[in-house]
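Only one structure is covered here, and it is reproduced in the block below.
Every read-out reported here was derived from the displayed coordinates using simple, explicitly stated rules and does not represent laboratory data. Nothing here was measured: the structure is a model prediction, and the numbers come from that model. FYI the Cβ positions are ideal-geometry reconstructions off the backbone, even for glycines, and counts take in every protein chain you see.
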Amino acid sequence: MRVFVAGGTGVLGRRLVPQLVVRGHQVTAATRSAAKLELLAELGAEGVVMDGLDAASVGEAVGKARPDAIVHQMTAISGKPDLKHMDRWFAGTNRLRTEGTDHLLAAAEAIGVTNFVAQAYAGWNGQRRGGWVKTEEDPLEPMTGTAAAATMAALRHVEETVVKAGGAVLRYGWFYGPGSTESLVEPVRKRQFPVVGGGEGHASWIHLDDAAQATVLAVEQEARGVFNIVDDEPAPAKEWLPYLAECAGAKPPMRVPSWLARPLAGEVAVGLMTEGRGFSNAKAKRELGWKLQYPSWRQGFKAELA
């Protein structure tokens, strides 16, 4: 199968491209920077420079590749995490998830491609009705406050437009793994990542290699609809954060009341720690036949930080 990966040099793209190549697929991978074409060649893909926010650039790149499937992994997340100014930090990614998604879908339609897989995120759901773990049937709802409003709107756009076009949307959990773990661990080691409030807010994690494997399966099976791509153990911050610190050889995280954390870290960080919901992976395992290398973040954190 000829597969076009938009965003081939991101943290997930770097794990995804080699898995597609090993499975025998012919991969064309797009990057914004010509300096990264050599990396794509090393990963086994034919690299192409593309501006995901330029319709003509996207149409030309996809048209030349003539793929059988398109995978949308474009993001623009860079620099130090800034949850206090969430919409500003995610501004570029929000545009890629709205304008960029529209450009890729238009390019797919122009050449008759319906096998389309797009990246979304399982991490911002603040729906407080029901339990702590949500399925694909539960709507994505923002947490208290409006700091992540644009990010949530962009995610909803991806889900609505891609599903309407007959594609698949993969809600990945919190990433960890090569190229991602250290940026998470650094503030933990510096004790800059406290447990906020009671730490009841849940998170769902996923190792990058497991996320890449699920993506390959979605492409090969021409999956449709929304899938939560997370591990088997959604967990509250009061459990996973101290364990991560232990694996990293750091002191236990400090505990900070919500009222103090809010002006320092922002409402999104407080919401994640106190309101965030976990996600169920039952549908992805059942319909895609997906088997995880790291069923739990407990195994994964230990393996990555050994």
Q.
Given points 7 Å out from each Cα along the Cα-Cβ axis, report the A91 to D232 separation in nanometres with one decimal.
A. 4.4 nm
Q: Could you state the angle between the C-alpha long axis of helix 55-65 and the longest principal axis of the C-alpha atoms of the chain, as a value from 0 to 90 degrees rounded to the nearest 10?
A: 60 degrees
Q | Distribution of pairwise C-alpha distances over the chain, 10 Å bins, in % | A | 6, 28, 36, 22, 7, 0
Q: With label points built 7 Å along Cα→Cβ from the Cα atoms of Q26 and R286, find their separation and express it in nm.
A: 3.8 nm
Q.
Here is the link list: K84/K190; K190/K238; K134/K190; K134/K283. Which ones come out longer than 22 Å on Cα distance?
A. K134/K190
Q. Packing-wise, with mean Cβ within 10 Å as the measure, how do 263-270, 207-214 rank, highest first?
A. 207-214, 263-270
Q: Express in nm, to one decimal, how much length is gained between S33 and K251 on full extension, taking 0.36 nm for each residue of separation and deducting their alpha carbon distance.
A: 74.5 nm
Q) So which lysines can K36 reach, going by Cα to Cα under 20 Å and dropping same-chain residues fewer than 8 places off? A) K64
Q: For K302, list the lysines whose Cα falls under 17 Å from its own Cα; do not include residues on the same chain fewer than 8 positions away.
A: K251
Q: Measure of size requested: the Rg and Dmax of region 163-292, with Cα atoms as the atom set and Å as the unit; please supply both.
A: 16.5, 49
(Q) Bins of 10 Å, beginning at zero and ending with the bin holding the largest distance: percent of Cα pairs per bin for region 46-91, please. (A) 21, 41, 23, 15, 0
(Q) What percent of all Cα-Cα pairs in region 28-141 falls into each 10 Å bin, going from 0 up to the bin containing the maximum distance? (A) 12, 36, 31, 17, 4
Q) Mean shadow of region 196-262, computed from the convex hull of its alpha carbons, in nm²? A) 6.2 nm²
Q.
Can you give me the distance in nm between label points at R189 and Q299, each placed 7 Å from the Cα along the Cα-to-Cβ direction?
A. 2.6 nm
Q.
Suppose we take every Cα in region 15-55 and form the convex hull; what volume per residue is that in Å³?
A. 68 Å³
